[in-house]
Every structure is written in C-alpha cells, then in structure tokens.
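Engineer: The structure is given below, and queries will be raised subsequently.
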Amino acid sequence: MSLKIGICGGGVGGLTAAIALARQGHDVTVNEQARAFARIGADVNLTPNAVRALDRLGVGETLRETAARPAFRISRTWDTGEETSRLPMGDTAEERYGSPQLTIHRGDLLQALEAQVPESLIKLGRKAETISGGTVTFADGSTETYDVVIGADGIHSVVRTAIFGPDSPRFTGLVSYRAVVPRSSVEAENLDSFTKWWGPQPDVQVVVFPLTRGEEIFIFATTPQDDWREESWTMPGDVDELREVYRDFHPDVRALLAACETVTKSALYVRDPMPRWSSDHATLLGDAAHPMVPFMAQGACMAIEDAVVLARALDGVGTSDVPAALRRYEDTRRERTAKIQAGSLANDWMKGQGNADWVYGYDAWNVPLAEATESV
C-alpha cells in the first residue's frame with residue numbers, strides 16, 4: 001500500500017527515511033526549511049551499524065569515494081600518550097560486522113543521500129510551524145495533509161513541540177571545538193585512526209580522525225565552560241583559546257592544534273529519553289526524538305537506524321493502521337537509543353578494552369520489530 005508521507009527536515013535522518021520509504025512505493029515529500037542545501041558542519045563518524053544500513057540503500061559506494069576508513073579506534077591518555085584501548089577497524093570491522101567504519105564530511109554524506117532522492121520529492125524553503133493530526137502548516141501559510149508526518153527536524157523540533165508541547169534541552173555545561181586541518185601540515189602518530197585523548201577529567205578530551213580519503217584531519221574537543229550557551233555548528237571560535245585549554249596535552253595533540261587556522265565553538269545540549277515519540281499519525285526520529293552528546297559518535301548513526309526501522313514498520317501498512325505501525329517503530333527503537341543517550345552522557349565508552357558488538361553489530365534491516373500494541 002502507498003502512504004502519503006511528509007518528512008519535516010532534510011538532514012541525515014530525513015533523507016535516509018525518504019530513500020527507504022520511496023523505495024517501498026510511498027508518496028514521500030521532504031520539507032526542508034533551508035532554501036538551499038549548504039556544505040555545513042565538518043564531520044560525521046559512520047560506524048559499521050550505520051554503514052551497513054546505508055549500503056542496503058545503495059549509498060555506500062558513493063560514500064566510499066570521499067570518506068576515510070580509520071584503521072583503529074584508539075584511546076590514549078592525555079599527557080603520557082599511553083594507549084588504554086585499541087580496537088581494529090578497517091578490514092577487521094568489515095569482516096566482523098559486514099561493513100567498515102567510514103569518517104566523512106557531513107556535506108559529502110548529505111550530497112550522497114540527496115542524490116538518491118528524486119529532486120521532485122524535496123521542497124526547499126518549507127518550514128513547518130504547526131502540526132494538527134496529519135496536517136502541517138508551513139511558515140508561508142500553506143498547508144499539506146499527510147497520512148504520516150515524520151519529525152526529522154533536530155533538537156529544536158517543531159514537530160516534537162506540536163505533538164508533546166514545549167520543552168527545553170538541558171545545557172551540559174560543556175562546549176565543543178571543531179576544526180579541520182590538512183594531514184600534510186601535521187607530524188603525529190596514528191593519523192589514519194580514530195583516536196580519543198582522554199583528559200585529566202572525563203569531560204576534557206580531544207578526538208581526532210581522518211576525513212576526505214585521509215587528506216584531512218578532523219579535530220573535536222570539549223571542555224567545561226558554563227558561560228557559553230551558543231549552539232551552532234558554524235559559530236566562530238578562538239584558536240588561541242583552543243590551544244590554551246589543551247596546552248598541557250601530549251605533543252601530538254599540541255601539534256594538531258598548532259595546525260588549526262580556524263575553529264568553531266558550540267555549547268552541548270541534551271534531553272532525557274522520551275517515554276513516547278509518536279501520536280496518532282505523527283512521529284519523530286533522530287535528534288528530534290533522542291538528542292545526545294557526541295561522545296559515542298552515534299548521533300547520525302541513530303538517525304539512520306531510526307529511518308530504516310521506521311520504513312520497515314510502515315511497509316505494507318494502510319492509513320488506518322499507521323498509529324499502530326508508529327508505535328511498533330518507537331517500541332523497537334526506544335530502549336537502544338536511550339541506552340546510547342545514557343552511555344554518551346556518561347562518557348566512558350571504550351576508554352578501556354571493551355566489547356563494541358552491541359553498538360556496531362546492530363542491523364537495522366533485520367532487528368525484530370516490536371509486537372503490535374494499542375496506540376494512544
């Protein structure tokens with residue numbers, strides 16, 4: 001059966017959902033508030049669980065053209081450089097999980113996803129303002145009624161507010177810095193790997209990994225700072241401030257920061273896990289449902305998994321069965337995403353030797369869907 005589906009948000013989760021749902025024969029529209037897709041952000045870490053999901057959607061080959069493929073996931077101590085864990089990735093991850101880890105510029109990922117969505121299905125400059133049942137009212141005053149409304153519109157989701165009322169994300173007290181430097185400008189070890197430098201306190205850390213076929217190195221760093229509340233991937237930061245915060249870190253870290261010419265700075269926010277994601281014919285996915293701090297590098301991966309499971313739950317469903325299908329979707333996903341939200345906030349993932357299978361081995365295409373329950 002074909003459903004008329006309106007997706008609010010043309011980011012990673014929204015575009016992935018559009019691909020999966022359109023392939024099932026549904027009438028899909030992606031409503032994106034931006035007037036043009038821009039190459040914003042810097043990095044997305046796609047661990048094997050996400051790459052496996054995208055491979056089946058026909059996106060994987062394109063991703064591999066521009067992505068890097070980290071050889072290891074390494075934890076190191078901030079001052080001595082001692083390794084506390086080293087997990088083989090690359091070919092080893094592909095053999096174990098069926099897909100490798102790929103690290104990629106966010107713009108390249110979005111471009112690869114957009115290429116799989118017919119242009120006619122994407123409506124730019126359409127910002128949702130209110131949702132009532134399956135009817136979406138946009139900022140220009142136009143309305144559209146759908147069998148299913150999907151809120152893939154991020155941490156400040158209009159769809160979530162429309163369904164469940166206003167709330168506010170919680171400031172973690174942390175700020176993050178992001179920068180990209182040419183690999184050729186840095187002399188340091190393990191630049192072909194995903195490396196996390198654990199600081200003297202858990203919330204002080206530096207993460208580095210390759211981008212763009214290994215030609216660039218992405219740097220992500222966090223530190224407590226209660227007086228900065230701006231949340232934007234593009235807000236300029238101060239390079240000298242960045243270097244000062246990590247001045248006592250290992251020489252490899254200082255070499256990376258010395259190569260930074262520009263940096264962005266953003267406050268980190270989080271919400272507690274939601275008891276429900278769906279109501280009637282509307283539901284949420286990705287950051288709209290479960291925003292998380294990036295310490296497990298699973299934000300985009302969870303949105304991709306959500307999109308696949310949601311498409312599976314809606315496959316072959318008639319209009320009257322949509323509420324029950326949405327409940328099956330969220331019941332399948334809530335426990336996993338809540339566990340990863342909590343694990344990310346705890347910020348102890350893979351600090352020492354551990355088993356990554358429960359995260360990387362998840363298969364969104366084959367995980368059993370929850371049993372049907374009464375929708376409310």
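Engineer: Using heavy-atom solvent-accessible surface (probe 1.4 Å) with all chains present, what is the largest-first order of Thr332, Thr84?
Structural biologist: Values: Thr332 25, Thr84 50 Å².
I get Thr84, Thr332, largest accessible area first.
Engineer: Considering only Cα-Cα distances, which of the following residue pairs are longer than 28 Å: Lys196/Lys265; Lys127/Lys265; Lys4/Lys265?
Structural biologist: Details: Lys196/Lys265 19 Å; Lys127/Lys265 26 Å; Lys4/Lys265 40 Å.
In this structure, Lys4/Lys265 lie more than 28 Å apart at Cα.
Engineer: With a/c under 1.5 counting as rounded, go ahead and sort region 332-376 into rounded, prolate or oblate using the C-alpha gyration tensor (a ≥ b ≥ c being the square roots of the eigenvalues; past the cut-off, prolate if a/b is larger than b/c, else oblate).
Structural biologist: Numbers: a/c = 4.67, a/b = 1.80, b/c = 2.60.
Note, shape of region 332-376 comes out oblate.
Engineer: According to the square roots a ≥ b ≥ c of the eigenvalues of the Cα gyration tensor, what is the shape class of region 1-71, taking rounded for a/c under 1.5, prolate for a/b larger than b/c otherwise, and oblate for the remainder?
Structural biologist: Here region 1-71 falls in the oblate category.
Engineer: Related question: Angle, helix 322-346 long axis vs. longest principal axis of the chain, Cα atoms, 0 to 90°, nearest 10?
Structural biologist: 10
Engineer: Within the accessible area of the chain, what % is carbon and sulfur when the probe is 1.4 Å and the other protein chains stay in place?
Structural biologist: Working: 7190 of 15260 Å².
Solvent-exposed carbon and sulfur of the chain make up 47 percent of the total.
Engineer: Additional query: Give me the accessible area per residue for the chain, probe 1.4 Å, as a whole number in Å².
Structural biologist: Details: 15260 Å² over 376 residues.
In whole numbers, the chain has 41 Å² accessible per residue.
Engineer: Dividing the convex hull volume of the alpha carbon atoms of region 194-261 by its residue count, what do you get in Å³ per residue?
Structural biologist: Working: hull volume 7.4 nm³, N = 68.
Cα convex hull per residue, to the nearest whole number: 109 Å³.
The values are calculated or read from the model by the stated rules, or taken from the named source; none is laboratory data. Computed from a prediction, not measured in an experiment: that's the story for all the values here. Just so you know, the surface numbers come from the protein's heavy atoms only, side chains and all, with ligands and any DNA or RNA stripped out. Shrake-Rupley method; radii C 1.70, N 1.55, O 1.52, S 1.80 Å.
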